[in-house]
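K.L.:
Below you'll find the structure I mean.
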DNA sequence: CACTCAACCTGCCGGC
DNA sequence: TGCCGGCAGGTTGAGT
């Protein structure tokens, strides 16, 4: 469950259901789930057993549980990853990749991932800002109090690319993926191919307001799910998909002007926009 | 340094 | 039925 609102929904679930519970056992069922842990699955497990998560934190789409050892269990859900808190007796299912059991013998934590683009890793916490090692390249997300709006405006205008590419660049701003990029651009009335260097500061600020609005509303709705792949730690779906104005709405009338929403192929993916509210620029940057 | 794009996976859906 | 192409919420690393 990929973008910031879905990851935040999972973070809240872990905070409630996993923090302060001591890990008793770890089973890695698929090595790819742990591939970013260079020392291998055995080392991964040994750094977790006996340890207790003290809190649950997030930056952009990364999520981590700082442990009482000074390490952190870092998770990225990729395209299809789920962190589920389940009954011990729940059937494993074909995509179960990692299991964590706790000493209290209650529910267990499962990492389930159909496409295996996601993964878990144990990393040392970097001193200072509560960030694990290896996440320094991820920019603060727009809901982070440390996010610097004017620095973002300047950085975007320094780029030579399309505005949607910039929004999806996690080193510029984190947490925004394909759904919320299209939603924010629709709200800000900006076409996805608008060249960043030609955006006025007021355009970028308006876009930032739109990003924060849409992320905030989606978190309040428990995230977006089109199917059972995107669920919270209890396996429940969010309902923000009912509030989408652009993403996945090809042919549907724009809520503002009634023009049919258009879908463009873009970067081996899709970009949805309203042809009237978001006019294509003269010199598009794809 | 900035930018672009293929590659990494599985599963589902529609067309033929 | 079955096979094939297209598509899906993301990141990274090699190449320009």
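K.L.:
When you go through A:129, A:200, A:189 one by one, which is the residue that is away from DNA strand C (no atom under 15 Å from the Cβ) and touching a residue at least 60 places away in the same chain (Cβ under 8 Å)?
P.N.:
A:189 is the lone residue from the list that is away from DNA strand C (no atom under 15 Å from the Cβ) and touching a residue at least 60 places away in the same chain (Cβ under 8 Å).
K.L.:
Quick one: is residue A:87 in contact with a helix residue (DSSP H, G or I) (Cβ under 8 Å, 6 or more places away or on another chain) and either at pLDDT below 95 or more than 16 Å from DNA strand B (Cβ to nearest atom) (or both)?
P.N.:
For residue A:87, the condition - in contact with a helix residue (DSSP H, G or I) (Cβ under 8 Å, 6 or more places away or on another chain) and either at pLDDT below 95 or more than 16 Å from DNA strand B (Cβ to nearest atom) (or both) - is not met.
K.L.:
Separate question: Search segment A:69-91 for residues being assigned to a loop (DSSP other than H, G, I, E, B) and in contact (Cβ under 8 Å) with a residue 60 or more places away in the chain, and hand back the single one that is surrounded by the most Cβ atoms within 10 Å (Cβ to Cβ).
P.N.:
Once the filter is applied, the top-ranked residue is A:77.
K.L.:
Look through segment A:242-259, keep the residues that are more than 16 Å from DNA strand B (Cβ to nearest atom) and farther than 22 Å from residue A:163 by Cα, and return whichever of them is modelled with the lowest pLDDT.
P.N.:
Among them, the one singled out is A:242.
K.L.:
Just for segment A:92-102: of the residues that are within 16 Å of DNA strand C (Cβ to nearest atom) and surrounded by fewer than 20 Cβ atoms within 10 Å (Cβ to Cβ), which one is farthest from residue A:59 (Cα to Cα)?
P.N.:
Once the filter is applied, the top-ranked residue is A:94.
K.L.:
In segment A:227-263, what residues are more than 9 Å from DNA strand C (Cβ to nearest atom) and not in a loop (DSSP other than H, G, I, E, B)?
P.N.:
If the condition is that a residue be more than 9 Å from DNA strand C (Cβ to nearest atom) and not in a loop (DSSP other than H, G, I, E, B), then A:231, A:242, A:243, A:253, A:260, A:262 are the ones that fit.
K.L.:
Determine whether residue A:24 is touching a residue at least 12 places away in the same chain (Cβ under 8 Å), part of a strand (DSSP E or B) and over 27 Å from residue A:173 (Cα atoms).
P.N.:
Against the criterion (touching a residue at least 12 places away in the same chain (Cβ under 8 Å), part of a strand (DSSP E or B) and over 27 Å from residue A:173 (Cα atoms)), residue A:24 qualifies.
The values are calculated or read from the model by the stated rules, or taken from the named source; none is laboratory data. Predicted, not measured: the structure shown is a model, and the values here were computed from it. When we count neighbours, we look across all protein chains shown, and the Cβ atoms used for this are built from the backbone with ideal geometry, even at glycine.
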